[in-house]
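The values are calculated or read from the model by the stated rules, or taken from the named source; none is laboratory data. What you see is a predicted model, and the numbers here were worked out from it, not measured in a lab. We place every Cβ from the backbone using ideal geometry, glycine too, and count neighbours over all the protein chains shown. Only protein heavy atoms, including side chains, enter the accessible area calculation; ligands, DNA and RNA are left aside. Shrake-Rupley method; radii C 1.70, N 1.55, O 1.52, S 1.80 Å.
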Amino acid sequence: MSLSNYARSKSRRNGGIRLIGLVEQSDVAEVTYASAEKGYSAIRLDEDCYFSKYEFREDEAEYRETVSAVNGAQVVTHELIFTLDKMGNDSSPAITSIADAARNGLIALLTTPNGDSFLVGYSVEFEKERPLRLVSANGTTGKQLAEGTNEVITLRSQDVSKAKPFFGDMETLFSAAG
């Protein structure tokens, strides 16, 4: 096997996540992998199922991959960390919904500020068997009047490969989510 070359891109390199779509792994009917593009070209969900849409400003959401070797085998840890603006009646239903759905596992569709999209919690090797699960949902009111309130949610999964890009039509996957 030869090593792949890397050339620095001239495109934007802004960090963060602009959009996260979450769906229960059991609602995913089929995912199409396009081997020529080395990414996913389509996702089919069960009837009347849609990705729940979460939109973020800068510095509110992050996706992290950690590649390590455990007993000689490659392990990739996927972490999705995002902040909801306010701890309270606005965020509580969303947190409860995420926590309940994460028991069975979640699959996420992420879009960066640069327009790159990735499918996380699903892999070619394991399909839906290694979905994202809730690690924590930490809420705070802050201690001082000048401190903001927020909820920080962390979802995690382990797999053997990095997240692959998604090239398909995202509009239909979010069409009922508003």
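Computed from label points 7 Å out along Cα-Cβ, the spacing between SER68 and LEU3 is 2.3 nm.
Scalar couplings 3J(HN,Hα) for segment 96-102, obtained by applying the Karplus form with A = 6.51, B = -1.76, C = 1.60 to θ = phi - 60°, are 4, 4, 5, 4, 5, 5, 5 Hz; x denotes Gly and Pro. With all protein chains kept in place, the per residue accessible area of the chain amounts to 62 square angstrom at a probe of 1.4 angstrom.
Quick one: with all protein chains in place, what share of the accessible area of the chain is carbon or sulfur, to the nearest percent (1.4 Å probe)?
On the way: 4940 of 10970 Å².
Percent of accessible area from carbon and sulfur atoms in the chain: 45.
Dipole orientation for the chain: of the candidates SER97, GLY115, TYR50, GLY115 has the Cα lying most toward the positive pole (charges on Cβ; Lys, Arg +1; Asp, Glu -1). Amide H contacts for GLY139 (H built 1.01 Å from N in the peptide plane; partners 5 or more residues away or on another chain; cut-off under 5 Å): VAL152. Applying the Karplus relation 6.51 cos²θ - 1.76 cosθ + 1.60 with θ = phi - 60° to segment 104-119 yields 3J(HN,Hα) values of 8, x, 10, 10, 10, 10, 10, 10, 8, x, 7, x, 7, 10, 9, 9 Hz, where x marks Gly and Pro. Around the amide H of ALA34, modelled in the peptide plane, lie the amide H atoms of GLY39, TYR40, SER41, all under 5 Å away and 5 or more residues distant in sequence or on another chain. Look at the alpha carbon pairs under 8 Å that are at least 6 residues apart: their mean separation over the length of the chain gives a relative contact order of 28 percent.
Cross-link partners of LYS164 among aspartates and glutamates, defined as those whose alpha carbon lies under 13 angstrom from its own and excluding same-chain residues fewer than eight positions apart: GLU37, GLU65, ASP116, GLU125, GLU127. Cα centroid distance between segment 105-178 and segment 26-97, in Å? About 3 Å separates the Cα centre of segment 105-178 from the one of segment 26-97.
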